[in-house]
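Participant: Submitted below is the structure of interest, expressed as structure tokens.
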């Protein structure tokens, strides 16, 4: 090793920890800002936008004609809605930082407790869906680049634009119709046991798989044209070996980037999928809370979905330099 | 770009194939790509006609209840079958088209209008205005779109117009970013500087000189979002936040079939299939627009 190269390696080794620390710090800071943004947006949209949140909440529970002004005034005092906006925001943010998201208007239970009950179901669904989506998307992409049959390749390349055109709730309904009512293999609804997880996870997985299939298929195609692939072919390596052993490794990088980008979509898809399958979870909780105009629960679910979103993006961001050594840590 | 002008020295053979003369030209028009594009345009035209004049296409009254026609499977008289109250589903679907498509278009129009104003101000005025607007857009971009829509629906209440606003606001940020970038590109063009030197008011410069030149890519983006807007509107309406029963809307028609899916599959599946076809057609056309742009 020449002197200059040794010096460069030593310099890189010495600088890397500081660069890495700065990178991790920035990513954590970004995650915190996302959660704060979601909280602030929820305050603006849920407490400032309606002319009177208390009346809105009371209306959804009765016929709305005989709301006692006395009760409205008392509830407004209780929620601090008679104070200035900045005071309300500061007080609510401080309470939320301490884990107090208030109580449900509907059943009076602690919002945090209701979220704690629902959260594991959504995480389970999102993870299972992500696993299925990654497997399915990768399989479609690999097969599309591997097959020599023209019609099969065209069908596989049409997979992504087709699935992207099917709304999440329809994917769920079609799966229920086919596998639960038609074939009778799996339960159509509920949240108990692994059998009830299969169809919802498949629904979320299908929604994730289209983008992964599209991006990976394109990356594989480009990698197979790259000079290194031509060199491997000249060496006598078969197309399948080049694809599976060499091109696939490079094509995983855009797929991982995409997972980070599509986490919001996965959570959104989980919200709709849970409703379609009548499964417990954050989505069901949110849907019920919106129907009942239960504002504290809506806010709590939104903030916790944002936390999930920011946390999983953080994980992807931190994994990224491990997968792609070429990435510059900024 | 440089090779297009008078300095183009590329030999003719390298510039691409010469135009195909005679009958072969016809054959090249009949490729699967063109056929699917034509089918997509025809389908969207048909759906637009449903929205414009449902009474000409719907064979029955969408609200007419008939106890003897409950849950009939599809037949020539009732192409989509009937629902639990004996209403003709095809008629209800055709009547629901207007509500759904108007909501999707209103959402895009709102997003386009708000994004234009925000993008123009941020890009042209710059400084503190740009900082404030850009941070606001960052916040909107950081939170998943569906959550923004659902919060707006909670704050505004239910209804077809409110879900249109909810979907519109959740896509403002993406459009405004593009608008701002375009304005930044045009702001220092010679004709803008010339107008400013002539003493034209800045509002007039924005309206007459900057806006018309910045609008192209944003309009293309709007067209690209049409399929997505239809999906978003149908999803919110499916969850029950759009038009309230008995008014028909694509999403709530499908939701109405959920409870009887086991023995009346057609209520959800047939309208759902048409929605998928409409979104596929919209996406096919946007892909073509993208290729042209």
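Participant: Got a sec? Which helices (runs of 4 or more DSSP H) wholly within region B:1-89 have at least 2 residues that are surrounded by fewer than 10 Cβ atoms within 10 Å (Cβ to Cβ) and at pLDDT below 75?
Facilitator: Hits in region B:1-89: B:23-29.
Participant: Please state which one of A:297, A:259, A:315, A:303 is surrounded by fewer than 17 Cβ atoms within 10 Å (Cβ to Cβ) and closer than 20 Å to residue B:144 by Cα.
Facilitator: Testing whether each residue is surrounded by fewer than 17 Cβ atoms within 10 Å (Cβ to Cβ) and closer than 20 Å to residue B:144 by Cα leaves just A:315.
Participant: Related question: Among the listed residues A:197, A:170, A:178, A:186, identify the single one that is out of contact with any strand residue (DSSP E or B) (no Cβ under 7 Å at 6 or more places or on another chain) and at pLDDT 85 or above.
Facilitator: A:170
Participant: Let me ask something else about it. Hey, does region B:132-154 have a residue that's assigned to a helix (DSSP H, G or I) and more than 28 Å from residue A:267 (Cβ to Cβ)?
Facilitator: Checking region B:132-154: at least one residue is assigned to a helix (DSSP H, G or I) and more than 28 Å from residue A:267 (Cβ to Cβ).
Participant: For region B:248-267, how many residues meet the condition of being in a helix (DSSP H, G or I) and within 17 Å of residue B:94 (Cβ to Cβ)?
Facilitator: Within region B:248-267, residues that are in a helix (DSSP H, G or I) and within 17 Å of residue B:94 (Cβ to Cβ) number 8.
Participant: Further, regarding this structure: Taking the options A:29, A:25, name whichever one is surrounded by fewer than 17 Cβ atoms within 10 Å (Cβ to Cβ), modelled with pLDDT of 80 or more and within 14 Å of another protein chain (Cβ to nearest Cβ).
Facilitator: A:29
Yes/no per residue for (1) under 12 Å from the mean Cα position of the chain (by Cα); (2) closer than 11 Å to residue A:114 by Cβ; (3) facing chain B (nearest Cβ under 9 Å):
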| site | (1), (2), (3) |
| --- | --- |
| A:261 | yes, no, no |
| A:267 | yes, no, yes |
| A:272 | no, no, yes |
| A:281 | no, no, no |
| A:287 | no, no, yes |
| A:302 | no, no, yes |
| A:307 | yes, no, no |
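Participant: Quick one: would you say residue B:218 is farther than 27 Å from residue B:137 by Cβ and touching a helix residue (DSSP H, G or I) at 6+ places or on another chain (Cβ under 9 Å)?
Facilitator: no
Participant: Among A:247, A:241, which is surrounded by 21 or more Cβ atoms within 10 Å (Cβ to Cβ) and over 16 Å from residue A:129 (Cβ atoms)?
Facilitator: One residue alone meets the criteria, A:247.
Participant: Only one of these is over 24 Å from residue A:304 (Cα atoms), modelled with pLDDT under 85 and surrounded by 11 or more Cβ atoms within 10 Å (Cβ to Cβ): A:11, A:74. Name it.
Facilitator: A:74
Participant: Any residue that is more than 14 Å from every other protein chain (Cβ to nearest Cβ), in contact (Cβ under 8 Å) with a residue 24 or more places away in the chain and under 22 Å from the mean Cα position of the chain (by Cα) - is there at least one of those in region B:142-149?
Facilitator: The answer is no; no qualifying residue exists.
Participant: Separate question: Of the numbered conditions (1) within 12 Å of chain B (Cβ to nearest Cβ); (2) in a helix (DSSP H, G or I); (3) under 29 Å from residue A:315 (Cβ atoms), residue A:181 satisfies every one except a single condition; which is it?
Facilitator: (3)
Participant: Turning to a different aspect of this structure: Just to be sure before I move on: is residue A:283 crowded, with 23+ Cβ neighbours inside 10 Å and assigned to a helix (DSSP H, G or I) in the structure I sent?
Facilitator: Answer is yes for this residue.
Participant: Another one. Going by the structure shown, is residue B:240 under 25 Å from residue B:279 (Cβ atoms), modelled with pLDDT of 85 or more and part of a loop (DSSP other than H, G, I, E, B)?
Facilitator: It is true that residue B:240 is under 25 Å from residue B:279 (Cβ atoms), modelled with pLDDT of 85 or more and part of a loop (DSSP other than H, G, I, E, B).
Participant: Considering only region A:125-178, state which residues are within 30 Å of residue B:262 (Cβ to Cβ), within 13 Å of another protein chain (Cβ to nearest Cβ) and crowded, with 23+ Cβ neighbours inside 10 Å.
Facilitator: Those that are within 30 Å of residue B:262 (Cβ to Cβ), within 13 Å of another protein chain (Cβ to nearest Cβ) and crowded, with 23+ Cβ neighbours inside 10 Å: A:126, A:165, A:167, A:168, A:169, A:170, A:171, A:172, A:173, A:176.
Participant: Is there a residue in region B:186-209 that is within 13 Å of chain A (Cβ to nearest Cβ) and in contact (Cβ under 8 Å) with a residue 40 or more places away in the chain?
Facilitator: Looking through region B:186-209, none of the residues is within 13 Å of chain A (Cβ to nearest Cβ) and in contact (Cβ under 8 Å) with a residue 40 or more places away in the chain.
The values are calculated or read from the model by the stated rules, or taken from the named source; none is laboratory data. None of the values given here were measured: they were computed from a predicted structure. Please note: Cβ atoms are built from the backbone with ideal geometry, for glycine as well, and neighbour counts cover all protein chains shown.
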